Amino acid sequence: MLTVLVINSKGGSGKTTLTTNIASYYADKALKTTILDYDPQNSSLHWLAARPAHLRPIHGANAAPAKAFALRSMQAWVPENTEVLVIDAPAGANGLMLKELVRKANYILIPVAPSAIDIRATAGFIKDLLLVGGARTSTVKIAVVANRVRSQSTTAYVALERFLNSLKLPFLTSVSDSENYLKAADSGEGVFDMDEMATFAERQELMPIMRWMEGHFPNRFGVRANDKVVSLENSRKFAAFRKGN
Ligand SMILES: Nc1ncnc2c1ncn2[C@@H]1O[C@H](COP(=O)(O)OP(=O)(O)OP(=O)(O)O)[C@@H](O)[C@H]1O
Ligand SMILES: [Mg+2]
């Protein structure tokens, strides 16, 4: 099973937008797809409730505790035949929850808005993900996606690229700030469910994410020989980052 965790402790960075669009992409490919929603706001599950019946189904599982310190809901059931599991993390995930989320994942996607505030918060979060969440010592692959990008020439965007280069984390794509994502969020669709011509740009900008995860389907999609785990431990830059440089 391909398990992709979409996470950033920063609220409103685009976790649910990526989760729903990735899930609908794989569902459209007739893969058994489940969304596991850890967010008490249940935005992904609300999106799923609005999903038109003629589209391929996506199973929704609720992993958010009903209230603080309560037991996890029985709805957190992931069907055994799930081929693609997309996990929507809540804002502010840390500590034990962060560990649990990282343990479940093969791939971790971090959406970040290219503003100075978001970049600073995300830098702190990536540190937590690696050290507290245990991602540094696991085989999970991590990548970053810029979200709500309006212009590639903004100062903040340059700062984001510099930050990612310093961490040696792959920067997969820039997702534009587009009305189509808002429409999709309202209608229970992904951009891959919508009119192909009208969503051409959004499809193009999301595809690098799916290509990055391709190696997980040896039978259906073929294996890439160089599909290696991003090794952060070997990165001298990471050591410098850890010291706070
Ligand atoms: N690329 C985009 N273009 C247009 N609107 C977007 C885009 N990405 C996100 N949005 C909108 O911005 C808002 C926040 O996005 P989203 O819900 O995906 O973030 P989130 O990280 O899941 O937030 P939270 O931390 O509250 O769970 C939503 O209204 C969403 O529809
Ligand atoms: Mg969300």
task: For an R0 of 22 angstrom, estimate the FRET efficiency from the Cβ-Cβ distance between Gln41 and Thr139 and round to the nearest 0.05.
output: 0.10
task: Please compute the net charge surrounding Trp47, taking Lys and Arg as +1 and Asp and Glu as -1 over other residues with Cβ under 10 Å from its Cβ.
output: -3
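For a 31 Å ceiling on Cα separation, which of these pairs sit above it: Lys29/Lys127; Lys32/Lys168; Lys32/Lys141; Lys32/Lys127? All intermediate terms of the calculation are to be shown ahead of the outcome.
Numbers: Lys29/Lys127 35 Å; Lys32/Lys168 33 Å; Lys32/Lys141 22 Å; Lys32/Lys127 33 Å.
From the list (Lys29/Lys127; Lys32/Lys168; Lys32/Lys141; Lys32/Lys127), the Cα-Cα distance tops 31 Å for Lys29/Lys127; Lys32/Lys168; Lys32/Lys127.
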- prompt: In nm, what is the difference between 0.36 nm times the number of residues separating Met97 and Met197 and their Cα-Cα distance?
  reply: 32.0 nm
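For Ala50 and Gln204 in one chain, what is 0.36 nm times their gap in residues minus the Cα-Cα distance, to one decimal in nm? List each step's numbers first, then the result.
Working: separation 154, 0.36 × 154 = 55.44 nm, distance 2.48 nm.
My answer for the length gained is 53.0 nm.
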field: C-alpha center-to-center spacing [region 25-56, region 96-146] in angstrom
entry: 23
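If eta is 0.692 mPa s and T is 37 °C, what Stokes-Einstein diffusion coefficient results for region 1-146, Kirkwood Rh from Cα pairs, in µm²/s?
On the way: Rh = 15.3 Å.
In µm²/s, the coefficient rounds to 214.
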field: Packing-based exposure ordering (other Cβ within 10 Å, fewest first) of Thr17, Thr155, Thr3
entry: Thr155, Thr3, Thr17
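A short reminder: the numbers here are calculations on the coordinates, not readings from a lab. Owing to the predicted nature of the structure, the values given are computational and were not obtained by experimental measurement. All Cβ positions, even for glycine, are placed from backbone atoms using ideal geometry, and neighbour counts span all protein chains on display.
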